[in-house]
Amino acid sequence: MKRLLIYLGLLATLLAMPYHAKAETWAYYLYGDYNGWNKDRAKTDAYFFGDTSNGSDQPSWTKTFTGVQLDPDGNGVAYFKILLDKDGTTTNLGPSGSNQVLEVNGSALTLNNGGDKAYEVTGLKPTAEYTIKYVSTTRYGGTISITGPDTENTNIKLKGSYSNDNWATSTAYTSFSDGIYTWEFDKSEFPSGTEFKLFEYVDGTNGHWYSNGAEVTEDWSNGFLNASDNMSVSYTDNDELIKISVQAKKSNGKWMIRIVKTYEPHDYYWVSPQVTNGQKLPYFKMVASRNRSGAYGDGKISTKYFTFTMKDDDFRDYNGNPIANGTTIQWYIVRDDNEVFYRPVNSLAYNNTPDSYDANHAGSGDLDSYVKYKNYWNGDSYAGADAYKTTDATRAGSFAFRKGDHKSVTFNMNADKGHIFFNYVNTGLANPSTTDEFYLIGNFKAASETESISISDTSHKLTRLYYTNGIGSETYSESCDSVVYVRTVYKPTTGDKSWGNLYLDVNPSGNGNWGSVYRPLINLYNGLDGRALVGGLTTAGQGGDDNKGDQSLNPETSDKYTSYEFRFNATTMTYRITFHTSLYLVGPGVSATEGQQGSWDLTAATDPRIRLTATQEKDHYRNLVYFTQGQPFRFIQNTDESATPNYKYTWYENDNKPKWINATTDADYYPGSETQFRNYMLYENNTGSESSEKPTDAETSSMTFDLPTGWYYVNFYPNAGTPYYTIEHSMELRDFNDVYYRSASGTAEKRNVLGRDDYNFLRVWSDHIAWNKPDNIDVFVVSEFDHDASSHTTTATLTKLNVNYIPAKTGVILGCKLSKDNLTSGLVYDNAATSAWEKGENVNYYNTLTAELTPYSAASTSYSGESKLIPLYEETSLQRFSDDTGIGTGDGYANYLFGFYRCKKYQQNYSGNDNDFQMGFWLTTGNGTTYANSAFLHLTKEEAEDLGVGTAYNNIESASAPAFMLLFDESDDNVITGISDITTAKGNSVASQGWYTLQGVRTAKPTQRGIYIYNGKKVIVND
């Protein structure tokens, strides 16, 4: 009893204790089509509004997105709703019944619990900012609104002391774009010290004043409603400053204001007595940096900041001779108009490079007195007057540095203030034997200035190559002098689909520290990006945790380019960007014209290069090329389309030939390897005369084409572990709908080809390997023959195969019913015959349809049923009569080729037109050569006589026409299974020609569902 009382007491105590329920978390996210309506993708920080405990609060949240975040496809439209996640259980908050249009800067709309539709926002701009506000009025609902750049408001004016000190006069804005109003003034109209305010008219007379009450800088600052103090502008006037612009925009309902300075554009040249002979040479022109758009600038090319980078190994004297290591190289900078120079006052000023060179010139006094430039690698900086910016053309002083070995030098200049920054890389990041990995990071998807960039992104890994005297290899050797990392960068496919704001940096080993990212060496000022195609990179730890305020690569280019190759030399800490509109095939083995060989001569009147272009998938380059068997070719890349073509950059193959080209056995054609068609490449950087000399046909840096002459697709994959190319078959079908003929003797006719069963394009085909069947191409085998003695006609029945491949080692007929004006992807039409006909030229060839072929996964897959067509893999002179192989000498067999013949000549009592022709097979004349990858009919003379096709060219009156008509069986039902040696229930083998039941009873061609035996094979027949 006592124990019971104790237990009851404890129970009472527990019941008296306060109960604490487990807190529930109610989290709210933006959920839409931009994250693929994927809830896991939506539940990230990027789309998180906020959360509450037990849903008890009724807060309001705002979150700002860029247009490209809401609309990554760049079509200006986004769909979204709110996703409520309550401890893992999700609920949609949105409209019900139908989508609702949510207007930018419009009224808020109501959210419903379980809403199954979405809010639609239109007119989104990729670089603009949009703020979505969610107000939670209940646990499962509330309102949603969106604000963004204002539509143009013509009531916005500027007033100030600049208008003859007349505040009563207002100035309309000069331009309006992406929500930004711009007032542009010559500096004489808007001098330093000018005071002004922003004014928004309400009724034509009255309105609201806005001002930040302080000096306006080149950074955005808030403007306050009805502020009493004026804004002002202050700047140092100089000859290069030509314009002052005031810009204003609304953000989150508040006005933002800044100024933009415009300087007179000039080019500047790095000049050296030894290297340029004191001349301004194009190669040594400094490159202007770019002002980043948005919060950091106007997105225009800077007129103040310039850069120029050279590797030590590239410094040569004016005659092209190498300059020895340790040589003192003198230099200075000259403006394009020869009116401004950047030179020290005294005769020579040395840079304090981090080696023993300084000791030789210590105490000279030159550095401290007259030079102000900085070496960011050892932290040294030099104070001094800006006396070296001068208009005195007689000044003779020069800066100087010591040429090193496998190092690089970057020269930066602020033309406004006259500062010069000198960066000398004494050692690269990586020794030549490194195995370090590097990655490109950037806003690759839509090239938006505000696109989120992940520091942990490892999807753009650079390929490492070891270089010795300009020759790259994947394998390190003791003679290696540089390690280079390479990747191809493609033009964005979403957003504004241009290069404009594509920012790149190099990230070592995918680490998560923005301070470790390698950036272009461009004065290290926030808000600048590097435009130079050749430049230096710095590991100076600039940037901290904010990647948007510091310099990135933004190479200057035109949108006509589709991609470029980025090369990072980790030994010299330099980069090079080469655009890929100039990736070519060249050589006697390649041509853009059928029947013609190419050339090595890049100076010829007709350019022999064939350009490869980036594919839609943006992972490789491709073109259709005419190859000549036994002739050499190579890949080259020219850095500038306007420059003289050259052989400076060349790709060549490890073993000099594609691996599968020399196949002599079946095993060579399909060894079971996924890389059977990959031909791995090496890269060669030719220098000096080698870059302009024509190759010889026997050079090892060329490949020899050993496949049959014809058209092939070439694919070049630059971003594989090792770059490689593939050569794929292209297949030509002839156009039998538009057939023209005009001979030199005057015969001219447009031929009407009958018996095609609506197929516009046809051909016979065979190959050692199987290929994927192109879309809209049908595959037939010749399954049987039938002779009609009354009309003296013989029919070849074509049975359609219901397969997704073209079988190996099988003679087939391929057909396409599409019209030439309605072709699908992968099909290319050539109307050369029509064009020649219209010009009055002789025509004895066809218009063609070219289909690209890709290898079937099981390359040895053949057709196990019976096809009466004999494969013909190579070009062959097929005789009228032959032995049992069809190609050997003999007299017992007759051979028939695919084509058409004149109806009135070979069809009895034909009443049609003289230019009517019948599609079919006809007895070969024995003259000429068949094309490769074709097929033919091969019959004994006795079989030919029994079928009434004859073995001689006779008119129809002779009773035996030497030709077959075609009968297309497209039912897709009579697909032969390939099961041979079927026996009847009585155990008798069925090998006779014709149709049989499974009981061995001969029958006509079945019309009812069931399993039958046809020509000794089991066949499934459907209704």
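Points to keep in mind about this one:
- Here the accessible area of the stretch 752-874 is 40 percent carbon and sulfur, with a 1.4 angstrom probe and all protein chains present.
- Rolling a 1.4 Å probe over the heavy atoms of the protein chains gives the stretch 73-230 an accessible area of 48 Å² per residue.
- Exposure of Arg487 as accessible area (Å², to 10), given a probe of 1.4 Å and all protein chains: 40 Å²
- Calculated FRET efficiency for the pair Thr174/Thr62, C-beta based, R₀ 30 Å, to 0.05: 0.40
- Length released on extending from Glu200 to His266, taking residue separation times 0.36 nm less the Cα-Cα span: 20.0 nm
- Near-label residues of the stretch 936-950 by backbone N, under 13 Å of a point 7 Å along Cα→Cβ of Ala789: 946-948
- Across the protein chains, with a 1.4 Å probe defining accessible surface, the residues Lys300, Lys800 rank Lys300, Lys800 from largest area downward.
- Estimated FRET transfer efficiency when R0 is 25 angstrom, pair Thr593-Asn842 (beta carbons, to 0.05): 0.90
- Order of exposure, largest accessible area first, which applies to Ile870, Ile769 with probe 1.4 Å: Ile870, Ile769
- Ligands, DNA and RNA aside, Thr174 has an accessible area near 90 Å² when probed at 1.4 Å.
- With the whole protein complex present, Glu240 retains an accessible surface near 20 Å², based on a 1.4 Å probe.
- In this calculation the C-beta distance from Asp758 to Thr327 is compared with R0 = 60 Å, giving a FRET efficiency of 0.15.
- Stretchable slack from Asn153 to Lys941, in nm (0.36 nm times residue separation minus alpha-carbon distance): 274.6 nm
- Over 24 Å between alpha carbons, listed pairs Lys300/Lys648; Lys243/Lys389; Lys159/Lys254; Lys809/Lys905: Lys300/Lys648; Lys809/Lys905
- The Cα atoms of the stretch 145-282 give a gyration tensor whose axes a ≥ b ≥ c have a/c of 1.5 or more with a/b greater than b/c, which makes the shape prolate.
- Solvent exposure, largest accessible area first (probe 1.4 Å, DNA, RNA and ligands not counted), of Tyr263, Tyr717: Tyr717, Tyr263
- Between Tyr476 and Leu823, the modelled labels are 5.1 nm apart [label points 7 Å from Cα along Cα→Cβ].
The values are calculated or read from the model by the stated rules, or taken from the named source; none is laboratory data. Keep in mind that what you see is a predicted model, and the values were worked out from it rather than measured. Neighbour counts run over all protein chains shown; Cβ positions are idealised from the backbone, glycine included. The accessibility values were calculated without ligands, DNA or RNA, using every heavy atom of the protein model including side chains. Shrake-Rupley method; radii C 1.70, N 1.55, O 1.52, S 1.80 Å.
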